[in-house]
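Novice: After the structure tokens below, expect a handful of questions from me.
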Amino acid sequence: MKFLRLFSVLDHLRAARRPVSAQALAQRLGVSTRTIYRDIASLQAIGAPIRGESGLGYQLEQGYFLPPLQFDAEETEAIMLGLRLLMARRGSGLQGAAQRATGKVATALGSEGGARFQNLTLLAVSRQRETDHRADAWGGIIRAAIRERKIMELAYHSLDGRRSVRRIHPLGLTLFDDVWLLTAWCEGAQDFRNFRLDRIATFKDTDEKFRPQSGQLFRDYLENL
């Protein structure tokens, strides 16, 4: 039991971008904070690259090898359902990536675990929409622009038919039931703006890049919803 809990602590720290408090870890794992303190000490004693201390939070050092990911039954089901939803849903260009990821996860789980993973009786069905077909052209280009922080020039048709051209900083994508939505910082408006992928006319690289600025980040947009 303790062995599995130690792996769980590592998995939670691996997924975290910021230090995680002992109280938060204890709540997630259903144990006391004293137990978490002991677990952290045990992991540090065997060489786990954990920095931080009680009261401040814990974080894994970057660039160190960690044991292979260990998934419980519900985690593997969640992964498979998400991958099959992407394979069923058009408009992102991620179907091929989801298929490749399915194979990689199955390989990481070993022959027996991989076979169980591939044969999970979970099905994702998505109704095909014309908007998905129109959005297909932009999914990969937009994701690359987000990753590389490219300033883009976007020509867009609003719902009332008006056409506008804007310089934007692409920040994030959101999948809704009916549409994919790009959230960006608009230089002209000096504010966040959302754009449906299926209503984008052109999406051009300006050969310029933007630097992340406080108040203009995707998480800033989400915090102000």
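Rule-based calculations on the coordinates, nothing more; no lab input. The model shown is predicted, which means the values in this text are computed figures rather than measured ones. Quick reminder, even Gly has a Cβ in these numbers, built from the backbone with ideal geometry, and neighbours come from all protein chains shown.
Novice: Given the chain, what count of lysine pairs have C-alpha atoms under 30 Å apart, with each pair 8 or more places apart or on different chains?
Specialist: Lysine pairs, 8 or more places apart or on different chains, close enough: 4.
Novice: If you don't mind, another one. Mind running the shape call on segment 2-60? Use the C-alpha gyration tensor, a ≥ b ≥ c as the square roots of the eigenvalues: rounded below 1.5 for a/c, prolate if a/b tops b/c, oblate otherwise.
Specialist: Rounded, because the longest to shortest axis ratio a/c is under 1.5.
Novice: Take the Cβ-Cβ distance between L159 and E77 as r, set R0 to 35 Å, and report the resulting FRET efficiency rounded to the nearest 0.05.
Specialist: Efficiency for this residue pair is about 0.40.
Novice: How many percent of all Cα-Cα pairs in segment 73-118 sit more than 12 Å apart? Can you show the working numbers first?
Specialist: Details: 611 of 1035 pairs.
Roughly 59 percent, rounded to a whole number.
Novice: While we're here: Hey, if you put +1 on the Cβ of every Lys and Arg and -1 on every Asp and Glu Cβ in segment 96-225, which of C186, G140, L123 ends up farthest toward the positive end of that dipole?
Specialist: Sorting the options by dipole projection puts first G140.
Novice: Further, regarding this structure: As a test of the formula, what do you get for the chain when each DSSP H run with n ≥ 4 contributes -39,500 (n - 2.57) and the sum is divided by the residue count, at 222 nm and rounded to the nearest 500 deg cm²/dmol?
Specialist: Calculated mean residue ellipticity at 222 nm is -14000 deg cm²/dmol.
Novice: Here's something else I'd like to know. So which trypsin sites (Lys or Arg not before Pro) in segment 124-223 pass both tests, a DSSP loop state and at most 11 other Cβ atoms within 10 Å of the Cβ?
Specialist: Working: sites: R127, R129, R134, R143, R147, R149, K150, R162, R163, R166, R167, R193, R196, R199, K204, K209, R219; in loops: R127, R129, R149, R162.
Answer by residue number: R127, R162.
Novice: When the expected Rg is taken as 2.2 N^0.38 Å, what fraction or multiple of it is the alpha-carbon Rg of the chain?
Specialist: Working it through for the chain, the quotient is 1.25.
Novice: Relative to a virtual label point 7 Å from the Cα of E61 in the Cα→beta-carbon direction, which members of segment 1-42 show backbone nitrogen distances below 11 Å?
Specialist: It comes to no residues whatsoever.
Novice: Counting other C-beta atoms within 10 Å, and keeping those with at most 13, which DSSP coil chymotrypsin sites (Phe, Trp or Tyr not before Pro) do you find in segment 120-209? Walk me through the numbers before you get to the answer.
Specialist: Numbers: sites: W138, Y156, F176, W180, W185, F192, F195, F203; in loops: F176.
Passing sites in segment 120-209 are F176.
Novice: Evaluate the charge dipole of the chain about its Cα centre and quote only its size in Debye, nearest 20, assuming +1 on the Cβ of each Lys and Arg and -1 on the Cβ of each Asp and Glu.
Specialist: With Lys and Arg at +1 and Asp and Glu at -1, about 180 debye.
Novice: With +1 assigned to the C-beta of every Lys and Arg and -1 to the C-beta of every Asp and Glu, and no other charges, what is the dipole magnitude of segment 130-223 about the Cα centre in debye, to the nearest 20?
Specialist: So the dipole magnitude of segment 130-223 works out to roughly 320 debye.
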